[in-house]
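The values are calculated or read from the model by the stated rules, or taken from the named source; none is laboratory data. Remember, it's a predicted structure, so these values are computed and weren't measured experimentally. Cβ atoms come from the backbone with ideal geometry, glycine included; neighbour counts cover every protein chain shown. Only protein heavy atoms, including side chains, enter the accessible area calculation; ligands, DNA and RNA are left aside. Shrake-Rupley method; radii C 1.70, N 1.55, O 1.52, S 1.80 Å.
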Amino acid sequence: MDTKQASRFGFFSKTWFSGLYWQLSLTFLAVLTLLAGTYVYITVTSARTYFDAAQQRLNSQVAGRIVQYMSPFVEEGVDEGSVQRIFFNAMVINPSIEVYLLDTAGRILTNHPPNQSLLRKKVALEPLERYIASGQTLFIRGGDPRSETREKIFSAARVERNGRLSGYVYVVLTGERYDSALALLLGDHLAQLVSRTLAVTLLVAFVIGLVAFWFITRNLTEITSTVHRFREGDLTARIRLRATGELAELAQTFNQMADKMAANLEELQMLERLRRELIANISHDLRTPVTAIYGYAETLWLKKNELADTERDYYTHIIRQSAGKLQHLVEELFELSKLDALESTPQREPINIRELVQEVYQAFQLQASRKHISLSCTNGAGVTIVEIDAGMVERVLHNLVDNAIKYTPAGGSVAIRIAESAAAVEVSVADTGTGIAPDVLPYIFDRYYRRAENQPNPPPGGMGLGLVIVKKILELHHAELSVQTALNQGSRFSFRLPVRRG
Ligand code: ADP
């Protein structure tokens, strides 16, 4: 299915015979044909009307002339012989006419040519009277006695005897001969007219249409082929249009979307690479203490009777130290994954932050004095209530003080400070230790970069996730961690928490 679609697109993108192009062209052709048909119909009907009007005007006097030269009524009724003669003469001059003598009610008394089948016995007089009243100038049609419904142009005149109306001469100007001759001519003419009009109009318009549609669909073809290339995995595919308006806007939007998707994909790929490196590093970190534990434990086991007490103590010390590192790393990883999974949402409660700081300070006193570092805590007494997860913030303080002691050489100092302002309290941990190199600083909160690229060998005792955890916890408390540091002079880490009053 996919390959089928692909080949279909491939074909269309290589040529300009896109589906849309042909749909537009054929619709256009249909519209043109309809228009041409309507045009021919209107032309033919109006030409017919024009000819009829001209014919009626030209022959308006025919009936009047006939009346001038005859007196059809005698005492006994109609003088059939003389009437037929005069009607015949009129028809010799104009063979397309049919002549009728009507009585005052419109009934047909006689007609020429004779012996023709008449379907009406009577002609409505109203059109005749209107025509005569207009002075034989009105364009009007009257009933055709040879059909029940048809109407035809005519000429008509009154027949009077002794000053009284005795009937009408009614001349159908376009009789059946005329009709058949006209039908023949019109058929030919019409066929020619239609074929020429259609041929010329359609051809010219269709060619113009093809060119116009090609220009329109060219851009669409470019869009579909580019979208297709992008879908097939060519992330560099971008739509290049020489157009303005909606299509250009569509193209621009697609290009922006493609840029974004490409950037996101690149970022995802990079994160995936870093994640792999992180796992590799962590495996390495885990392997080092495990190997040490395993090696020293085996030596103890194999040489249990041969070892001096000092050696045994040394081996046991290394095993304990390595197990401690292992435990530390596993705990940190566990904690971080919990924080990442948002399993540990802060359980906030009102806490006296000064008390919490004091506890952490006391917990580190022994460690600091062993390393000959002076650890101090100012403003530890008093009450400042903040709404925090005490366990989490204790962890933050613990990590910061632990780092400060770890990265400060013997003889240095570490100072924990609490500074309260109107709305917030700032807790800071400052040391006089190694400081952080400017090129490392941007990465110390980044679990990937720092480990993967800047610190291939983490410092002893540190597994490198402490600050990541600190930052994550503070983020959950909507607090920001700030760092000020100078190489070989010391560092100061601080964060602020809102104080609850009353
Ligand atoms: P680690 O376990 O490596 O200490 P952390 O996430 O706690 O991991 O710290 C990340 C890095 O930041 C450390 O490896 C160290 O380079 C630097 N760092 C953190 N705290 C301090 C400090 N107080 N003084 C100097 N460098 C520090």
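Out of all the residues in segment 207-215, is one or more crowded, with 18+ Cβ neighbours inside 10 Å and at pLDDT below 90? Looking for residues that are crowded, with 18+ Cβ neighbours inside 10 Å and at pLDDT below 90, one finds at least one in segment 207-215, hence yes.
Within segment 263-295, being farther than 16 Å from GLY324 by Cα and in contact (Cβ under 8 Å) with a residue 40 or more places away in the chain holds for LEU271, LEU274, ARG275, GLU277, LEU278, ASN281. Restricting attention to segment 187-244, the residues being more than 32 Å from the chain's Cα centre (by Cα) and among the polar types (S, T, N, Q) number 4.
Considering segment 117-186, the qualifying strands (runs of 3 or more DSSP E), each wholly inside and each with 1 or more residues that are over 60 Å from the mean Cα position of the chain (by Cα) and modelled with pLDDT under 90, run over 151-161, 164-172.
One line per residue, one yes/no per condition, for (1) outside the structural domain of ARG354 (by TED's automatic domain parsing); (2) near the ligand (Cβ under 10 Å from one of its atoms); (3) more than 11 Å from ILE353 (Cα to Cα); (4) open to solvent by 10 Å² or more (accessible area, probe 1.4 Å):
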site	(1), (2), (3), (4)
ILE388	no, no, no, no
VAL393	no, no, no, no
LEU400	no, yes, yes, no
LYS406	no, yes, yes, yes
ILE416	no, no, yes, no
SER421	no, no, yes, yes
GLU426	no, no, no, yes
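Just to be sure, is ALA410 touching a residue at least 12 places away in the same chain (Cβ under 8 Å), within 16 Å of the ligand (Cβ to nearest atom), surrounded by fewer than 17 Cβ atoms within 10 Å (Cβ to Cβ) and aliphatic (A, V, I, L, M)? When the stated conditions are applied, ALA410 passes them. The test for being open to solvent by 90 Å² or more (accessible area, probe 1.4 Å) and in a helix (DSSP H, G or I) does not hold for ASP285. Scanning segment 30-71 for residues that are closer than 16 Å to PHE87 by Cβ and open to solvent by less than 40 Å² (accessible area, probe 1.4 Å) yields ASN59, VAL62, ALA63, GLY64, ILE66, VAL67, MET70.
Do the conditions hold for GLY187, that is, is it at positive phi and either surrounded by fewer than 18 Cβ atoms within 10 Å (Cβ to Cβ) or among the polar types (S, T, N, Q) (or both)? No; evaluated as a whole, the condition is false for this residue.
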